[in-house]
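Read-outs: derived from the displayed coordinates by stated rules, not from any lab. These figures come from a predicted structure and were not determined experimentally. In this analysis, Cβ positions are derived from the backbone assuming ideal geometry, glycine residues included, and neighbour counts consider all displayed protein chains.
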Ligand code: MIC
Ligand code: SF4
């Protein structure tokens with residue numbers, strides 16, 4: 001039996017375990033990336049491990065999320081990351097150099113290699129045939145130290161692309177179609193591989209738009225073959241030597257296959273408040289809009305920007321619309337400036353932001369009350385934009401530009417022929433904003449600078465013999481890590497200050513939660529299906545740990561979040577019978593008898609509701625390694641014990 005693309009890469013990087021779907025496997029990681037909002041924690045954890053120099057082929061720290069500090073906090077974090085990376089052998093991409101995934105794709109991603117990043121959109125690198133996976137900061141720290149990265153061996157989903165995209169239909173519409181078919185839980189436990197004749201018609205940045213938003217399917221990763229198009233891209237980036245051909249074997253077996261006819265695709269939009277709530281733009285056309293934001297790691301490539309510039313050239317943004325544009329990288333920004341396209345954008349009334357995440361993570365540009373905002377981003381979770389009642393729609397750059405001019409939702413295919421956008425044969429290469437670390441022998445010359453906002457990391461405890469506590473919070477399906485630990489201008493500055501962050505935990509769902517949890521000394525959380533989807537932020541585990549959360553019971557969990565819970569010693573358990581969810585309510589007194597014993601070796605435990613006498617069977621899907629981590633009270637304790 002042949003191998004899929006991902007199976008080939010996994011096979012070449014397998015450190016332990018068998019490649020059997022559902023079993024834990026350990027992988028060697030070639031490259032890591034971090035961004036500033038998760039990076040401070042990752043490097044604090046790396047330092048706590050006491051390893052002098054990174055052991056990966058390449059590790060890069062990007063500053064892109066929190067780039068316009070309103071106080072000293074972020075600036076201090078940036079300085080910490082800059083100095084700690086210089087000392088320990090990590091490259092530092094300075095603020096202004098661009099969004100981690102876009103820059104990594106341009107300058108570092110390589111076919112056939114493995115990459116983990118403390119950011120859920122790390123699969124963007126799958127556009128170049130690299131196995132990129134999002135992970136918690138602690139997992140990235142371990143990988144930087146040369147440690148193994150553990151995942152559950154995924155099943156393989158194939159999406160066959162046939163035909164060719166029509167004018168004004170973009171790569172974003174392809175992934176929105178996949179989201180329409182599979183939904184936000186459809187990729188859980190799977191790697192999505194793209195194949196078929198249609199692949200050849202898509203450029204690497206277009207492919208990367210598709211693999212980027214595979215994160216919204218809940219997939220472990222998404223990947224494209226590495227072919228002549230990949231070679232051309234690498235050549236244009238001045239690194240053709242990184243090219244390796246990679247495709248799946250003819251007789252590779254997939255667990256599920258879907259076909260999308262690119263020629264038949266129409267512009268699509270993900271409606272509030274979920275990336276899989278997909279409708280045709282034609283159905284929405286005519287709806288008044290208030291804001292358009294173009295950019296993010298999903299759609300900020302040169303190709304996206306040139307398309308938008310060509311559509312806006314000589315036009316004026318509608319008076320009722322505020323349009324922001326954030327190019328993805330310094331490379332894109334400089335080239336836009338040099339070719340004159342930037343002037344077309346400015347002239348049309350676009351408000352040009354720096355190349356960073358910006359509005360995507362709620363760092364400014366929050367829409368007006370109940371405002372309709374069209375964004376080329378990847379997430380439209382409730383309140384993520386910073387405005388609680390905003391209506392955010394995820395669209396392609398083509399739909400965004402057409403609608404910005406018209407002032408109403410507009411299907412760009414009604415505009416006639418699309419402008420012809422010519423991509424440059426070579427990109428402008430200048431890595432002057434990537435700082436190299438000092439040599440190993442000089443590391444003592446670097447002093448790591450730590451600001452007062454950097455507070456100690458909470459450390460977990462071994463599980464109680466019998467767990468007796470209150471059901472402190474009950475939430476529904478598809479709870480995202482943005483619900484658990486919101487971001488945005490008010491909260492993001494405190495990513496290295498867990499006590500302060502705890503004041504915002506779960507406030508999107510229940511504004512009294514932090515106070516209650518503190519008063520009661522924590523408890524257990526009950527969630528629905530797909531608990532913890534979205535961002536990789538380990539703060540969504542660290543902060544509940546700080547607030548005394550001992551276990552989370554849910555119908556099912558998202559991959560990265562469950563790994564983060566275990567890393568910080570919070571026990572994840574699923575309801576064997578999802579209907580039992582109804583028998584438990586906030587404030588109920590709970591008991592799990594033999595809790596520690598169950599964590600140590602049992603697959604099941606009984607949750608007793610002492611308030612109403614009902615009970616439920618819980619499943620513990622844990623590898624023996626994960627059980628040991630939980631028994632030690634988290635990965636940091638476990639690693640220390642291992643070292644002894
Ligand atoms: C996001 O898009 O939600 C983020 C912000 O990039 C996160 C990381 C974070 O919370 O810092 C992600 O996707 O992992
Ligand atoms: Fe940044 Fe948004 Fe991409 Fe997250 S999804 S890395 S916030 S641009």
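If you find the alpha carbon centre of the range 221-291 and of the range 503-554, how far apart are they in angstrom? What the calculation gives is 34 Å, centre to centre. Of 355, 339, the sequence from fewest to most neighbouring Cβ atoms within 10 angstrom is 339, 355. For the range 287-353, rounded, prolate or oblate, judged on the Cα gyration tensor with a ≥ b ≥ c (square roots of eigenvalues), a/c < 1.5 rounded, else prolate if a/b > b/c? It is oblate, given that a/c is not under 1.5 and a/b is not larger than b/c.
Rounded, prolate or oblate for the range 47-178? Axes are the square roots of the Cα gyration tensor eigenvalues, ordered a ≥ b ≥ c, and the cut-off for rounded is a/c under 1.5.
In terms of gyration-tensor shape, oblate.
Which percent, to the nearest 5, of DSSP beta bridges fully inside the range 145-229 are antiparallel? Expressed as a percentage, antiparallel bridges in the range 145-229 total about 10.
Entry note, the range 304-366: relative contact order of 42 percent, from Cα contacts under 8 Å with a spacing of 6+ residues.
Cα axis of helix 302-312 to longest principal axis of the chain: angle in degrees, 0 to 90, nearest 10? The answer is roughly 60 degrees.
Quick one: 420, 112, fewest Cβ neighbours within 10 Å first, how do they rank? Working shown, then result.
Values: 420 7, 112 20.
With the sparsest Cβ surroundings first, the list reads 420, 112.
Stretching the chain fully between residue 511 and residue 428 yields a gain of 25.1 nm (0.36 nm per residue, less the alpha carbon separation). Counting only alpha carbon atoms, the long axis of helix 36-48 and the longest principal axis of the chain meet at about 40°.
Our helix-only sum for the chain, with -39,500 (n - 2.57) per DSSP H run of n ≥ 4 divided by its residues, gives a mean residue ellipticity at 222 nm of -8000 deg cm²/dmol. In a fully extended conformation the segment linking residue 500 and residue 436 would gain 19.7 nm over its present Cα-Cα distance, using 0.36 nm per residue.
Judged by the ratio a/c of the largest to the smallest principal axis of the C-alpha gyration tensor, the range 525-578 counts as oblate, that ratio being 1.5 or greater while a/b is no larger than b/c.
Between the Cα long axis of helix 397-406 and the first principal axis of the chain there is an angle of about 70°, rounded to the nearest 10.
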